Amino acid sequence: MDTAKLEKQTHLMIDYWISEINKHSYEELLQKPAENSWSLGQVGIHLWMSAKGFFFKNAERCLSNEKTESGKGKNFYGWLVFTLGRMPTVKIKMPDKIAVEPRQPESKEQLIEKLEEVKRLSSDYIKRIPQSDASLKTRHPFLGWLNTAEWVRLCTLHFKHHLGQKKRIEQHFGWN
């Protein structure tokens, strides 16, 4: 695994999100296209929450050999996502027991700081990949069993996946 390349790709994706958020006023970041949809600010909070509470949490579990398995791998969908380097462009409904509607950001600055936090954390995890045991994996509910490097890469792919949602929100309001 080329960790320098992974870190560069990850930082570029997060920096892109930050630059896009900077194009909007705080009021725009709070606008929802529909009552049951998310605002751009909520998408940003979701990216932060999922990075810390799901992707990096599982990367840490792999690093510390906590509830891991060896000899397991990705399923077909996992193989496809990692081979193509992207998640499906369809909307994915999370199971109700783990689905969380993100809150609105308290401020534009808070949202940017949370994304900067993800950037810092991603660097910390990427630096630890060479010392990780690639055979230690935790289970992703849709993709199968992933190791530390795969969890970090999936975080970046998740940021990329939500670009479609960002585009739909911006098109709805005529911001692009």
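No value in this document is a laboratory result; all are computed from the given coordinates. Quick caveat, the model's predicted, so the values are computed rather than measured. Quick reminder, even Gly has a Cβ in these numbers, built from the backbone with ideal geometry, and neighbours come from all protein chains shown.
Of the Cα atoms belonging to the range 1-148, the radius of gyration and Dmax stand at 16.5, 49 Å.
Compared with the dominant principal axis of the Cα atoms in the chain, helix 148-161 is inclined by about 20°.
Among the listed pairs Lys23/Lys137; Lys23/Lys52; Lys108/Lys160; Lys74/Lys166; Lys127/Lys166, a Cα-Cα separation exceeding 32 Å is found for Lys23/Lys137. Measuring nothing but how far apart in sequence close Cα pairs (under 8 Å, 6+ apart) lie, relative to its length, the chain scores a relative contact order of 38 percent. The slack in the chain from Trp175 to Lys32, taken as 0.36 nm per residue of separation less the alpha-carbon distance, amounts to 50.2 nm.
Restriction of the chymotrypsin sites (Phe, Trp or Tyr not before Pro) in the range 108-176 to DSSP coil positions whose beta-carbon has at most 15 other beta-carbons within 10 angstrom yields Phe142, Trp175.
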